[in-house]
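First the structure, in the form of structure tokens, and then the observations on it.
Laboratory data are not the source of any read-out in this text; all were calculated from the coordinates shown. It should be emphasised that the depicted structure is a prediction, and the values quoted were computed from it without experimental measurement. Here Cβ is always computed from backbone atoms with ideal geometry, including for glycine, and neighbour counts include all displayed protein chains.
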Amino acid sequence: MTSRAAASRYARALFDVATKEADVKKAGEELGAFARLVDGNEMLSRSLTNPAIPVQRKRAVVEQLLARAALSPVVSRLLLMLADRDRLGLLPDMAAAYEARLMENAQVVRAQITTAVELPAGQVGALQQGLARATGRQVQLETRVDPTIIGGAVARIGSTVYDGSVTMQLQKIRERLTAAAE
């Protein structure tokens, strides 16, 4: 099993337990904060993911961190279990998988809109509403500016891309002209 698959399973288990015993949003925030803490401290990250360091020492470090952090019992139990199983290296992927599950549960999807120029807030809102109608979900929209697309917009929702850029239209015209000339 890949590390992402394992991280996804742990995230799903945490979500299921948090649904019954705790606040799912708070559990996600705590997991993300702990993952950022470990990731942000190179020495801590190395020691918790180094296979040469005994599991008991890793658990002791996690226990000390939990004593200071005052996390919910659900998240604390998970982190201690990960330490016992020497799976603390999964924390970044697990936090991302948990956030994705939380968003899925809330019927929220992330989208990116790339345009040639910065859009006014009214147009961004209209695009967000249009994408919400198209997906049937609430949309968290991130805007980007890329002058190389010349005009139009490129929308990316998950792995789906809607390319309405002038660059793409020109490329399609070029392909049709080339095919017609042959």
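Loop-located GluC sites (Glu not before Pro) in the range 84-127 (DSSP state not H, G, I, E or B) with no more than 11 neighbouring Cβ atoms inside 10 Å: E118. Charged neighbours of Q64, selected by a Cβ distance under 15 Å, balance to +3 (K, R count +1; D, E count -1).
As a rough footprinting exposure proxy, the listed residues M94, M43, M168 were ranked by other beta carbons within 10 Å of their own, and the order from fewest upward is M43, M168, M94. Once each part is reduced to its C-alpha centroid, what is the distance from the range 33-71 to the range 143-182 in angstrom? The distance from the Cα centre of the range 33-71 to that of the range 143-182 comes to 46 Å. With K and R counted +1 and D and E -1, the other residues having a Cβ less than 12 Å from that of V109 yield a net charge of +1. Of the trypsin sites (Lys or Arg not before Pro) found in the range 99-141, no site is in coil according to DSSP while having at most 10 other Cβ atoms within 10 Å of its Cβ.
Listing V109, V124 from the residue with the fewest other Cβ atoms within 10 Å to the one with the most, what is the order?
With the sparsest Cβ surroundings first, the list reads V124, V109.
Listed from fewest to most Cβ neighbours within 10 Å, the set L80, L31, L177 follows the order L177, L80, L31.
Normalise the Cα radius of gyration of the range 3-104 by 2.2 N^0.38 Å (N = residues in it) and let me know the number.
Cα Rg divided by the expected 2.2 N^0.38 Å: 0.99.
In order along the range 2-16, phi translates into HN-Hα couplings of 6, 5, 5, 5, 5, 4, 5, 5, 4, 5, 5, 5, 4, 4, 4 Hz, rounded to whole numbers, per the Karplus curve 6.51 cos²θ - 1.76 cosθ + 1.60 with θ = phi - 60° and x for Gly and Pro.
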